[in-house]
1. Looking at 303, 361, which is the one that is in a loop (DSSP other than H, G, I, E, B), in contact with a strand residue (DSSP E or B) (Cβ under 9 Å, 6 or more places away or on another chain) and touching a residue at least 12 places away in the same chain (Cβ under 8 Å)?
2. Look at residue 226 and say whether it is touching a helix residue (DSSP H, G or I) at 6+ places or on another chain (Cβ under 6 Å) and open to solvent by less than 30 Å² (accessible area, probe 1.4 Å).
3. Looking at this structure, is residue 462 under 30 Å from residue 396 (Cβ atoms), open to solvent by less than 30 Å² (accessible area, probe 1.4 Å) and at pLDDT 85 or above?
4. Given the conditions (1) surrounded by fewer than 21 Cβ atoms within 10 Å (Cβ to Cβ); (2) under 21 Å from residue 114 (Cβ atoms); (3) in contact (Cβ under 8 Å) with a residue 40 or more places away in the chain; (4) of a type in the set (A, V, I, L, M), report the number of the one that residue 344 does not fulfil.
5. Residue 245 fails exactly one of the following numbered conditions: (1) part of a strand (DSSP E or B); (2) surrounded by fewer than 20 Cβ atoms within 10 Å (Cβ to Cβ); (3) of a type outside the set (Asp, Glu). What is the number of that condition?
6. Give 204, 198 a once-over and let me know the one that is farther than 30 Å from residue 33 by Cβ, open to solvent by less than 10 Å² (accessible area, probe 1.4 Å), among the β-branched types (Val, Ile, Thr) and modelled with pLDDT of 95 or more.
7. Mind listing whichever residues of region 173-195 are free of Cβ contacts under 8 Å to residues at least 12 places away in the same chain and buried (at least 23 other Cβ atoms within 10 Å of the Cβ)?
Amino acid sequence: PARHFDTRTTEPVSFFLSSLEELLAWQPDSNDDFNVSAVPLAQRQPSLRSKRPRTLVCHDMRGGYLEDRFIQGSATHNPYVFYHWRYIDIFVYFSHHTVTIPPVCWTNAAHRNGIPVLGTFITEWTDGEKLCEAFLAGGEEAYHAVSKQLARIAQHYRFDGWLVNVENTLSAAAVRNLPHFLRHLTAQVHSAVPGGLVIWYDSVLQNGALRWQNELNEENRVFFDACDGLFTNYNWKEEHLERTRGLAGPRHTDVYVGVDVFARGDVIGGGFDTDKSLRLIRQHDLSAAIFAPGWVYEHLGAENFLHNENKFWSLLAEYLPTHSICTLPLATSFSLGMGTSRFLAGKEEEAGPWYDLSAQEIQPLYMEHEGRLSTSCCLQDAWCGGSSLRLQGTISPSEERMAIRLFSLQMPAPPKLFLTLLYKLEGPHADEVAVALELTTWDSGTCHEGNVTSLPEPNGRHHPRFLPAPPPSLAKLLAACDRGSHGWTSRCYELDLQDCSLRDLSLLVSRHQPSPQETPFSCLLGEVRVLDAASVAASPPQVQSLMASQLWWQ
């Protein structure tokens, strides 16, 4: 069927639904298998239920379903990718089709990094009026049928809920039922999808008129009260934020104040001035909805995209609370899900562009300190996948070393950890520095390294012991402990801990010798792993009942 497969190449594609009839007729189909997310939503801290202000990203690019619709990837040169997952809380895939089902590659990449993904249910213009009249103006069975279908679709494709955007006027009968529809949809999504969400876009008022309010007020509050949150329009001023904060009360973090990165209309700041908008939003302790951050790609072009993307997000970083990983194992090769070549074990396997967000790995913090440190992606060399992580900086004369945070962690430390690191030092100063991993822990008062008698280092900083050879039981998993290849150096470490919680995983770059000069460094990270020794030693579950379907031989 053309909906599920590209008519030109027969490749499986992601799709949308264009009408109320298509939505009501939708049934799970065996051709759907490719579109079901294969990656469960990773746990993270703090959870979305915490009262910390959140950051929602709404992806709207040229109508959607571009190269990202190819479920098994494509040979796209310089594609758009998003990878600052540590800094956001919710990802919305937006298009102007009636029912936007997020392309499965986005759900896979977001879930791997602990981010829930919402599709969009939109009605607009005169067609939207007719559609709303058809399902909202009658009895409850009509709008119950729509909300049940939307919840079933999210459950079937394994994404996490809906942004609801009614951009047309409503009759008195339709608007009377709208809060009931939202309440029923929210209940259906919550029961069908663990942690599911329904967010309402600030558009129509309780009298059915289409008038964007740029705030939460008495005209649109009835819709906010019926679901999990409100995404406001973009043309607000500070007085709108003050009124919103007052009216929202304890639910103030459920208001996502819209920021259009394209800065259309009368806005505080977009583009590289988006931080001006975020600063005000956070001063009022509200959540933010960053709309169309693909501006970086569309406006500034694909050529220098990765550099511009890092610049854009680093300008916002102080207003974006990050989140922590809270389960082990943690393993990543930092691949962005795209590249100019494919690498395996440090060797280029295949030259040529590729793009497949489902193959994106867990992404780190992208730390920046003006002039002292930059974190970026390197497409020219990698250990595995399409890219490695490049850390460049300078160690000042007064310091011996620099600790660069890669991941924030929040979990009880197991008694024994194994850690592995693959790296490559670059540049003229490569032989002047050494790199290692550092783990910090909470509660150093009761946290002891090794046996209980040894005192903890200040702040619970632990430098895991180097393992020249892996224990026999782990020889397969930690095969290359002291052997790299293709210029990459491989290191394994072990660490015994008692009564503490893991806090940060950092790369420690240190000088061999003290020096009166600054020491610049450049290091590629190819892979990092943090493993709980107990679960690593257990034998992996056996794969059973393997089936292959949908085969197409070419």
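The values are calculated or read from the model by the stated rules, or taken from the named source; none is laboratory data. The structure displayed is predicted, hence computed values, not measured ones. Glycine also receives a Cβ, built like all others from the backbone with ideal geometry; neighbour counts cover every protein chain displayed. Note: areas computed on protein heavy atoms with side chains; ligands, DNA, RNA excluded. Shrake-Rupley method; radii C 1.70, N 1.55, O 1.52, S 1.80 Å.
1. Numbers: 303 fails: in contact with a strand residue (DSSP E or B) (Cβ under 9 Å, 6 or more places away or on another chain).
Unique residue meeting the criteria: 361.
2. It is true that residue 226 is touching a helix residue (DSSP H, G or I) at 6+ places or on another chain (Cβ under 6 Å) and open to solvent by less than 30 Å² (accessible area, probe 1.4 Å).
3. The answer is yes for residue 462.
4. (2)
5. Of everything listed in (1) part of a strand (DSSP E or B); (2) surrounded by fewer than 20 Cβ atoms within 10 Å (Cβ to Cβ); (3) of a type outside the set (Asp, Glu), residue 245 misses just condition (1).
6. Answer to the selection: 204.
7. The answer is none; no residue qualifies.
One line per residue, one yes/no per condition, for (1) open to solvent by less than 20 Å² (accessible area, probe 1.4 Å); (2) at pLDDT 95 or above; (3) under 20 Å from the mean Cα position of the chain (by Cα); (4) closer than 26 Å to residue 42 by Cα:
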| position | (1), (2), (3), (4) |
| --- | --- |
| 332 | yes, yes, yes, yes |
| 348 | no, yes, no, no |
| 355 | yes, yes, yes, yes |
| 359 | no, yes, yes, yes |
| 364 | yes, yes, yes, yes |
| 367 | no, no, yes, yes |
| 370 | no, no, no, no |
| 388 | yes, yes, yes, yes |
